[in-house]
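Student: Just passing along the structure, written as structure tokens.
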Amino acid sequence: MLMQGFANFMWLLSLALIVFSGFALIDAAVRREDAYRAADKKTKPFWLIILGLAFVVNLLFPILSFLPIIGLVATIVYMVDVRPAIRQITGGGGRRGGSSSDGPYGPYNGGR
């Protein structure tokens, strides 16, 4: 009973890693190539290869081996460091376009 529960937990954890690395791979694929250079990060092909390898490793190897851990680290680096920098360059975070002084009803002019 306990071993079955552990196996189910490990299967769910493995599935979560596959989904997480797949999301990162798709996100990296849809971003513009010039945004990677503008954000001073590695190139788009570099991240596609790294995240693609992480995705394949998560599919093929069990969660308790060290290769999925390496893939998880690469995916976390992309999601925490590269993705926010690229979204800031392309304007992909919550707000679409506009100035930093824009309020909810248009530009803020300082009471003028």
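Student: So how much slack lies between Leu48 and Leu67, counting 0.36 nm per residue of separation and subtracting their Cα-Cα distance, in nm? Walk me through the numbers on the way to the answer.
Tutor: Numbers: separation 19, 0.36 × 19 = 6.84 nm, distance 1.73 nm.
Extending this stretch completely gives an extra 5.1 nm.
Student: Relative to a virtual label point 7 Å from the Cα of Gln88 in the Cα→beta-carbon direction, which members of segment 28-45 show backbone nitrogen distances below 20 Å?
Tutor: 28, 31-44, by backbone N distance to the label point.
Student: Which value, in nm² and rounded to one decimal, describes the direction-averaged projected area of the C-alpha convex hull of segment 31-90?
Tutor: Values: hull surface 15.3 nm².
The Cα convex hull of segment 31-90, projected and averaged over all directions, gives 3.8 nm².
Student: How would you order 69-77, 28-36 from highest to lowest mean count of nearby Cβ atoms within 10 Å?
Tutor: Numbers: 69-77: 16.9, 28-36: 15.3.
For the peptides 69-77, 28-36, the packing ranking is 69-77, 28-36.
Student: If DNA, RNA and ligands are ignored and the probe is 1.4 Å, what is the ranking of Arg87, Arg37 by accessible area, most exposed first?
Tutor: Details: Arg87 65, Arg37 145 Å².
Descending accessible area places them as Arg37, Arg87.
Student: Let me ask something else. Report, to the nearest whole %, how much of the accessible area of segment 13-59 belongs to carbon and sulfur atoms, 1.4 Å probe, protein only. Could you put the intermediate results ahead of the total?
Tutor: Details: 1900 of 2590 Å².
The computed percentage sits at 73.
Student: Please identify which residues in segment 43-67 have an amide N closer than 20 Å to a label point set 7 Å out from the Cα of Phe6, following the Cα→Cβ vector.
Tutor: Inside the label zone: 61-67.
The values are calculated or read from the model by the stated rules, or taken from the named source; none is laboratory data. None of these values were measured; they are calculated from a predicted model. For neighbour counting, all protein chains shown are included, and Cβ atoms are generated from backbone atoms with ideal geometry for every residue, glycine included. Ligands, DNA and RNA are excluded from the accessible area calculation, which covers all protein heavy atoms including side chains. Shrake-Rupley method; radii C 1.70, N 1.55, O 1.52, S 1.80 Å.
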